[in-house]
Amino acid sequence: MGATNLRIAAVVLGTIGLYTVVCNAIPQVESEVPREMNLSGDVTPEQLVSAGEELFNGAGGCTACHGLGTRAPNLLTDEHGQGTIGARCGTRKPGMTCKDYLHESLVKPTAYVVPGYQPIMPDMSRTLSPAQIWALVAFLESQGGEVTVSAADVKAAAPAPAQGVAPAAPARSATTDPVALLRENTCLTCHHLGSEGTTIAPPLDHIGATRTADYIRRSILDPNADTAKGYEKVAGIMPKDFGERLSAAQLEALVRYLASRK
Amino acid sequence: MKSRLSHPFVQALLILAVAYLLFRFGIAYIPPLLGVKSAPVPHTVLLQYMLTVAVGVLLYVSATEDRWRAFKAPIQRVLVDPSQRLYRLALLVTVPLLAGFITYRQVRPSVEAPPNLRSIHPAPPSTITFRGKTMTLAGLENPLRKEGNLRDHVEEGRRVYYQNCVACHGDQLNGKGHFAHGFNPPPADFTDNGTIPQLTESFVFWRIAKGGRGLPKEGTPWNSAMPAWEDFLTEREIWAVIIFLYDQTGWTPRTWDTAEGGAR
Amino acid sequence: MTPESRVSFPRLAGFGGLVLLMLGAVAVPAFAQQAAAARDYGNFPLVGGRGAIWIAAEVHLMFAAFVLGVPLFAVTVEAIGIFGTDKRYDKLAKEFTRLLLIAYSATAIWGAILVFFLSTLYPKFWTYMSTIFHVSMWVYVGLFFFESFTLYLYYYGWESLKDGIRKKIHLGLGVLLNLWGTAVMFIADSWLSYMMSPPPQVSTDTAPETIRLWSAMANATWMPINIHRLIANVVFGGSIVGAYAAYRFLAARTDEERAHYDWMGYVGNFIAISSLLILPFAGYWLGREIYQYDQGMGITMMGGFMSWLWIIQAFLIGVLFLAGNYYLWVGMARIPGAERFTPYTRWILGVLVLGVLVWSTPHTMIASRAEQAAMGGSHHPLLGFLGVMSAKNTAVNLMILSTFLSYLLYRRANKRPSVSWARAATRVQAALFAISAAIVIFFGVYGYFVTAIVRIGFSVYQVLSVIVTIVTVLVLDVLMLRGAESRGAIRWGQMPARSQYALLVLAVTFTWLMGLMGFARSGIRQHWHVWNVMRDTSPWAATPALGYASKMISVCVLIFLALIAIVFWLGGLVEKSTYAPPAAAGAERAPERELAIAGGAD
């Protein structure tokens, strides 16, 4: 009798348990309450901070990397004894205020990469509006620092109402000086040339000795077509939009310059 | 040999093995031989399939008393028979090892992004704001279909497409533009009948106007590279490019269900 | 398990909580008057306001479904007992009703808990609803009163209204009981369907006093929900009775008891599965009304954040189909002559497993980045075809056909038809099955080549062909087996224990599925109390993910099952067993013959 009851209880609990486990094993999607964020008007810093917090944990997708401690620096918790992001952002880059540094990190993530990490962060201006980016900056500042973002920043960032067909690509400089192009396009954030750059990606000092011009051109336009030996770990990091950013003249100037570096 | 094969225990193992091979390799590699596109089955779906088959096998072997007894016999023998001591010991070693290995695989930290459930066609909002103008999506029709010459709209849409969209969505509208390989998820393939023919034109308008960042959370907006075209195109241009998409691919848009009741 | 020791604590806690609540209900209005404007929502310790309402409403609903479903077939079974010759049916009907009596007060208690929770935790919403619906609430209470007394009369009058015309009056009481119960459910449904689909002319600014009661009640989803629930109640009641019989079977000490509860479990399971076969059609109607009412709500339900819920639902219904068929197959061991059909069961099993595989294939797959890259997105290039409605409708229709075939084999197992045209009729039946399967598959495949609007219409043809086949085959079968000679009596009670566990799994799965579908129906309102009319501004406005919901559902199911175990235990105290030895002649054939008539409705 007791054994039968135990078996019945096991069957019932097992069935219920199985369903619960299956439901919890799939990725969890919840339906959030849409919140009207009016960030363009007379927004207070507090509103910006709370909007930024929501973005940080939600649509911004920031937590996919920040906070795991393996892919990107911790932002909301201490990082190597330097404190949280609001406390350390003012001292990251000399001469740059906390606000400017955070904003640059979001819209130009490869401009400064914290030592020990790889430049894998996407340009957030691609997925977030300027006002949302300022909200994120305000939220990050609030984490251990003082919020200096104001409604004026948001207003200045609001896009002028577009008229007709606007160019999809950002305005670009017309220079064909290859070294300037290398700096402008942040190539030297990863590559090494002369006395500049880092060694995250293959050095360009003698690239022409082993690679043809065609190969270099293809690697700029389609960085994933080939991966240099020993750099498989960083494959896919190089932006794939240089075909969009560079004009034909600029591209050719760059290719010729690099191919001549024997 | 014949009698071996008719033993329920052997049959059960055989069915499981064949099912595994079929799901793991068969689905991925047999259809391409016949010219049908396929790909490996994701491991979550593989697990789900194998569980289903395992339950089916269990029901099969226990459906009649004789079969159930024959099925249990080898298991019982291994568990109690003194002559099977070696097998028993082997089981006692391998089962915990296997459990440990699976646990290790699951808890081992990995730098890979967690898998996410991306809803390709998430529910659209009931209204959107397009440059300060509020538009109700439910029941919204393409205004250009009712005015002017359709050919003109197609030509206008073609111009818009080749100035803005072709780089990603390709000149064959198949989502294989020059930049396409850099994106995961890839740009939408309009020639696939799972895309625009499943959608109303108002849905397509919403997707073009608001882009990747306008997706709700279940659409994982952080994954999509689609720009919000409301910043660059006018309302008429978006409607024109929608007409072009349907005209060029030969699909017809999904229509609103106009039976009684009606949309609010 | 000794029920008294296991469940006494929750029971005590439940009563204690109720007393506290009553005190609270007295105390609340006093200060509520000043604080009404300030306090739109109350809070509840541990689970929060929404969690408390969730549990109260779900457990109340489960009990309500039980006490509405069981009378429906208690009366049917009693009628079979009157118009047939078998005395066992009358006893069975009475045993059902005794379980009902205790479950009835549990329903009322949980109803009271729900009302108190609503008025203390969601006062603003409660005021809004009672402003519109107060008249129907009064009627509801009145009907509930009549229902209770009809039930008392029905049960306690059983013995005194036993003979001749008085028995017919007793049956009439049973019918009346069901009428009251159905009316009560319809009224309650009007409240919750109003929350889902308020009439189009009602907007955020409409003052609740100006909404006419009837226009609020007769909203778009009211009738579909009524019908869907009516059928689902029968399914649910049948499966719980099956679980009760399984429990008594496993605990039985004598062969007679075992035979009786084996038979009772069979009847309960038969009622559950045969009503289950028509439930998808009612569900389909409800879904269609939701789509027509508001496309956005429909897309949220099927394609939005809830899309995975339907994969889980497919998984659960797959369990139901497999367990239900399995019970029939194992049961064939106790029927002489069934051996000749056993080779077929493996092919039916094959079709069912394939059906489950197809039906539970997700459209959007969970895949790592590398797997997504290989597939070219989160849709599999080949299996993606199985993820859409065309494939799923085909799979579920074939599963319904297979289940019906299982039942047909079971039914015919110990019969040898004596009519001359039996062979021809069997061929016609086989042809009907083949044609119906061909129609289902044809429209399933053709659905990939047409537009969405046309495709939705196809499912109607599929369903129609299946229904026509089931009805025609069953009518043929009943005619053909009239006066058939027996190959031997069914050996009731000679059933392996694992079949009874299948019945238990069925009941648990039904209960859990009910919780899941309740979450789906309620969750598609998202952050609205009343869709697009009254916004949820509480801290609990966001609709939770499936993981959290599944935990809440499991808690509700466990509370319900624990309480229903007490009900069963109390029922056992009243009368040890209602087993009555069957009349020796004719009894062994009776159940199938009568139940074929009962099954003719589908």
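The values are calculated or read from the model by the stated rules, or taken from the named source; none is laboratory data. Worth saying up front: this structure is predicted, and the values here are computed from it rather than measured. Virtual Cβ from ideal backbone geometry, glycine too; neighbours counted across all protein chains shown. Areas reflect the complete protein model, heavy atoms only, side chains present, ligands, DNA and RNA absent. Shrake-Rupley method; radii C 1.70, N 1.55, O 1.52, S 1.80 Å.
What to note about this one:
- With a requirement of 1 or more residues that are open to solvent by less than 20 Å² (accessible area, probe 1.4 Å) and in contact with a Leu (Cβ under 8 Å, 6 or more places away or on another chain), the helices (runs of 4 or more DSSP H) lying completely within region B:146-264 that satisfy it span B:150-160, B:201-210, B:235-249.
- Filter result for B:Phe9 (farther than 24 Å from C:Leu352 by Cβ, assigned to a helix (DSSP H, G or I) and modelled with pLDDT of 90 or more): no
- Residues satisfying the stated conditions in region C:273-292, i.e. open to solvent by 20 Å² or more (accessible area, probe 1.4 Å), of a type outside the set (D, E, K, R), closer than 30 Å to A:Pro27 by Cβ and within 14 Å of chain B (Cβ to nearest Cβ): C:Leu286, C:Tyr291
- Qualifying residue in region C:137-151 (condition: open to solvent by less than 10 Å² (accessible area, probe 1.4 Å) and farther than 18 Å from C:Phe66 by Cβ): no
- For A:Ala87, the stated conditions do not hold, so it cannot be described as at pLDDT below 85 and either in contact with a helix residue (DSSP H, G or I) (Cβ under 7 Å, 6 or more places away or on another chain) or within 14 Å of chain B (Cβ to nearest Cβ) (or both).
- The listed residues are B:Tyr104, B:Tyr29, B:Tyr87, B:Tyr49, and the only one of them that is of a type in the set (Phe, Trp, Tyr) and in contact (Cβ under 8 Å) with a residue 12 or more places away in the chain turns out to be B:Tyr49.
- Screening C:Ser418 on (1) open to solvent by 50 Å² or more (accessible area, probe 1.4 Å); (2) over 30 Å from B:Glu218 (Cβ atoms); (3) in a helix (DSSP H, G or I) shows it passes everything except condition (3).
- In region C:509-537, the residues that are within 24 Å of C:Asp40 (Cα to Cα), open to solvent by less than 10 Å² (accessible area, probe 1.4 Å) and facing chain A (nearest Cβ under 10 Å): C:Gly523, C:Ile524
- Residue selected from region A:129-143 under the condition open to solvent by 10 Å² or more (accessible area, probe 1.4 Å) and touching a Gly at 6+ places or on another chain (Cβ under 7 Å), by the criterion nearest to the other protein chains (Cβ to nearest Cβ): A:Leu140
- The numbered conditions (1) touching a residue at least 12 places away in the same chain (Cβ under 8 Å); (2) in a helix (DSSP H, G or I); (3) open to solvent by less than 30 Å² (accessible area, probe 1.4 Å); (4) in contact with a Ser or Thr (Cβ under 7 Å, 6 or more places away or on another chain) are all true for C:Leu386 except (3).
- Leading residue by the ranking (modelled with the lowest pLDDT) among those in region C:568-584 that are more than 30 Å from C:Ala489 (Cα to Cα) and open to solvent by 10 Å² or more (accessible area, probe 1.4 Å): C:Val574
- Any hit, region C:431-438, residues being part of a helix (DSSP H, G or I) and modelled with pLDDT under 90: no
- Test: residue in region B:49-63 that is assigned to a loop (DSSP other than H, G, I, E, B) and not acidic (Asp, Glu): yes
- Only one of the numbered conditions (1) within 9 Å of chain A (Cβ to nearest Cβ); (2) under 24 Å from A:Leu106 (Cβ atoms); (3) touching a Cys at 6+ places or on another chain (Cβ under 9 Å) is not met by B:Lys217, and that is (3).
- Qualifying residues in region C:319-338 (those that are at the interface with another protein chain (Cβ under 9 Å from one of its Cβ atoms) and not small (Gly, Ala, Ser)) - the one farthest from C:Ala502 (Cα to Cα): C:Met332
Residue by residue, here is whether (1) assigned to a helix (DSSP H, G or I); (2) open to solvent by less than 10 Å² (accessible area, probe 1.4 Å) holds:
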{"position": "C:Trp191", "(1), (2)": "yes, no"}
{"position": "C:Gln201", "(1), (2)": "no, no"}
{"position": "C:Asn219", "(1), (2)": "no, no"}
{"position": "C:Ile225", "(1), (2)": "yes, yes"}
{"position": "C:Val235", "(1), (2)": "yes, yes"}
{"position": "C:Gly242", "(1), (2)": "yes, yes"}
{"position": "C:Glu256", "(1), (2)": "yes, no"}
{"position": "C:Tyr266", "(1), (2)": "yes, yes"}
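- Residue within region C:158-178 that is in contact (Cβ under 8 Å) with a residue 60 or more places away in the chain, open to solvent by 30 Å² or more (accessible area, probe 1.4 Å) and hydroxyl-bearing (Ser, Thr, Tyr) present: no
Rundown of residues vs (1) more than 30 Å from C:Gln372 (Cβ to Cβ); (2) open to solvent by 90 Å² or more (accessible area, probe 1.4 Å), yes/no style:
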residue: B:Leu5; (1), (2): yes, no
residue: B:Pro8; (1), (2): yes, no
residue: B:Ala19; (1), (2): no, no
residue: B:Arg24; (1), (2): no, yes
residue: B:Leu46; (1), (2): no, no
residue: B:Glu65; (1), (2): yes, no
residue: B:Ala73; (1), (2): yes, no
residue: B:Gln76; (1), (2): yes, yes
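- Test: residue in region C:295-308 that is without any contact (Cβ under 8 Å) to a residue 60 or more places away in the chain and either closer than 24 Å to C:Val508 by Cα or more than 10 Å from chain B (Cβ to nearest Cβ) (or both): yes
- Pairs are defined by a Cβ separation below 7 Å, a sequence spacing of at least 6 or placement on different chains, a first member in region C:208-220 that is farther than 14 Å from C:Val530 by Cα, and a second member that is in a loop (DSSP other than H, G, I, E, B); the pairs so defined are C:Ser215/C:Pro199.
- Failed criterion for C:Ala413 (all others in (1) among the aliphatic types (A, V, I, L, M); (2) farther than 24 Å from C:Gly488 by Cβ; (3) touching a helix residue (DSSP H, G or I) at 6+ places or on another chain (Cβ under 7 Å) hold): (2)
- For region C:452-472, the condition of being open to solvent by 30 Å² or more (accessible area, probe 1.4 Å) and not in a helix (DSSP H, G or I) holds for none of the residues.
- Set side by side, the residues C:Leu192, C:Leu179 differ, and just one is within 17 Å of C:Arg521 (Cα to Cα) and at pLDDT 90 or above, which is C:Leu192.
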